[in-house]
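Here is the structure we will look at, set down as structure tokens.
The values are calculated or read from the model by the stated rules, or taken from the named source; none is laboratory data. Bear in mind that the values here come from a model prediction, so they are computed numbers and not experimental data. All Cβ positions, even for glycine, are placed from backbone atoms using ideal geometry, and neighbour counts span all protein chains on display.
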Amino acid sequence: MVTDTSDVPIQEETVLRQVQERTQPDYQFRRAFRDYDATSNDAETLQFPVPEDDLEGHVVEIGEGSDYPRAELNYGEAGADRAKYGFEMPITDEAIRFGRVDIEAETQAEMARSQMKNIDVRAYDFLSNQNNGTTVGNDGEDLDFEAVVEAYEVLYSDEYNPAEFEMYVGPDGGRDLSLDDSFNRATEEGDMLTRDEGITNLGTIYGIPVYMTNTGDLGDDEALLVDTSKYGYFAEWEPMAVESYREDSNDQWVYKLNAHNGFAVTDAQAACFIQGGASGS
């Protein structure tokens, strides 16, 4: 007997829901990029205008009958290239009929997790390779409050907006900050870190949210501080979608995830890499 799609234990909507419910707490680097809706755009590459310098001019006193000096803004471009991402996973009629529902649900959850991790890894690759020329902290020294302050100084000195800053740390960096008395006194949550929230929620410092990521991309003592309003864009030509189709020859249903998207870095200087603590410098 042919199994109807209504009998398949995990439907497309469930897979999409798993993406939001299961993956968001772990994968944070995507947050550094602003959303750009490219669904109505057919260009293979989207070009974002990027100022190359500040306004070339300033207000001056002008004599009677004299010409006004002229200012100029120069722009470059940063491109987001469209690429298609996705993969498939079959669910056999036997898996459906003989009640391997839990196994299939877990497999599809991992399928969705893999899709989101792909986006997160790509986002980290941009952040890792395109960031501010100033590296903060001492390699091998535990991440500390002084390093956070120094990174803040680097971006703020370059006129970036603290209201748009976010910080990303790995498990080791989160441990270091949790044990740093200066950081705990400075964060708005203070003693809540040790009582209720735990290491996955490090609170805010100077109003900057600190997000934990456990994907293994950030090494020991490392962190990133980013002005998310300047760093770049994540463009989606076709958002992630799930569909299923029947393969009668193999007595199975196939679930397919796919998406068309791309990243563009519009201001690499808006990301500051922290390689370790600064208190020992």
Report task. Kindly indicate whether Tyr233 is at pLDDT 95 or above, closer than 16 Å to Phe29 by Cβ, in contact with a Ser or Thr (Cβ under 6 Å, 6 or more places away or on another chain) and surrounded by 15 or more Cβ atoms within 10 Å (Cβ to Cβ). Result -> no
Requested in this report: Restrict the check to the stretch 245-266 and report whether at least one residue is within 29 Å of Pro90 (Cβ to Cβ), surrounded by fewer than 21 Cβ atoms within 10 Å (Cβ to Cβ) and among the small types (Gly, Ala, Ser).
Outcome: yes
Report summary line: When (1) buried (at least 21 other Cβ atoms within 10 Å of the Cβ); (2) small (Gly, Ala, Ser); (3) modelled with pLDDT under 90 are applied to Ala223, the one that fails is (3)
Requested in this report: Return yes or no: is Gly174 in a loop (DSSP other than H, G, I, E, B) and either out of contact with any Gly (no Cβ under 9 Å at 6 or more places or on another chain) or modelled with pLDDT under 90 (or both)?
Outcome: no
Query raised in the report: Looking at the stretch 217-274, which of its residues are within 22 Å of Thr204 (Cα to Cα) and β-branched (Val, Ile, Thr)?
Result: Val226, Thr228, Ile274
Query raised in the report: Looking only at residues in the stretch 189-220 that are part of a loop (DSSP other than H, G, I, E, B) and aliphatic (A, V, I, L, M), which one is modelled with the highest pLDDT?
Result: Leu218
Requested in this report: For the stretch 34-49, indicate whether the set of residues that are of a type in the set (Lys, Arg) and either at pLDDT 90 or above or in a loop (DSSP other than H, G, I, E, B) (or both) is non-empty.
Outcome: yes
Report summary line: All conditions in (1) surrounded by fewer than 22 Cβ atoms within 10 Å (Cβ to Cβ); (2) among the aromatic types (Phe, Trp, Tyr); (3) more than 30 Å from Asp220 (Cα to Cα) are true of Phe273 except (3)
Query raised in the report: What are the residue pairs meeting all of these: first residue in the stretch 200-222, first residue farther than 18 Å from Gly276 by Cβ, second residue part of a loop (DSSP other than H, G, I, E, B) and not hydroxyl-bearing (Ser, Thr, Tyr), Cβ atoms under 6 Å, and 6 or more apart or on different chains?
Result: Gly203/Glu188; Gly203/Glu189; Thr204/Glu188; Tyr211/Gln28; Asn214/Asp26
